[in-house]
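In what follows, a single structure is set out as structure tokens and then discussed.
Derivation of every value follows stated rules applied to the coordinates shown; laboratory data play no part. Note that the coordinates shown come from a computational prediction; the quantities given were computed from them, not determined experimentally. Cβ coordinates were reconstructed from backbone atoms using ideal geometry, including for glycine residues, and neighbour counts include every protein chain displayed.
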Amino acid sequence: MPGQPDRVSTSNTLDASFHPGSGIDSIVQQGSVAYSDGDRKAWADHAAYTPADQMLALTGSPRVVDGGMTTTSHTMRMNRATGDAFADGDVKKHLQRPEGAAEWRTSRRLRPYSRDCRAMTAHSSPSVALYSGDARLWQNANVIQALRSSLTVTTGLLSLRERRPNLCPLCWSRLKKVEKSPRSRSPLTG
């Protein structure tokens, strides 16, 4: 598409299925799959793409890197039209120090952190991620867990849906201070 970065996918093998009169029905790639879409990069053992819904499904140790975030899981699906992503099974997400980030040392929000859960749904517009099933978020010694429910993360806001959240003592004391203050902030970002 003009003005957009190239979307490139490589693998050891590629099988395309055609629908008479309307073009490609599906593409299946196997062996050392590598996908690049601007800043978003992905790797897996297998990939399946369907142009009708623009879904790219990755299996076999999928890993996606988008900016400074790395996500791994058993299976991942990415909607190329919307930028939405879905991960299922042993989802792990890590924020690493981005290349050339001078503000990294001074910003508490940019310190490395990790999340893990059973399933993740991420929407690009608006920027919202839902982590469900034993969801856990940690940064340094601070840990928040939602064992039976979910964590929802939007830009600068963390929402925990659980009756009895499992928080480390430091987070719990920070959360109590945040609840009393007129301007709420995440206990992990200060």
Between His123 and Ile24, with labels modelled 7 Å along Cα→Cβ, what's the label distance in nm to one decimal, could you check?
2.9
Once you sort the root eigenvalues of the Cα gyration tensor of segment 1-58 as a ≥ b ≥ c, which label holds: rounded (a/c under 1.5), prolate (a/b larger than b/c) or oblate (the other case)?
oblate
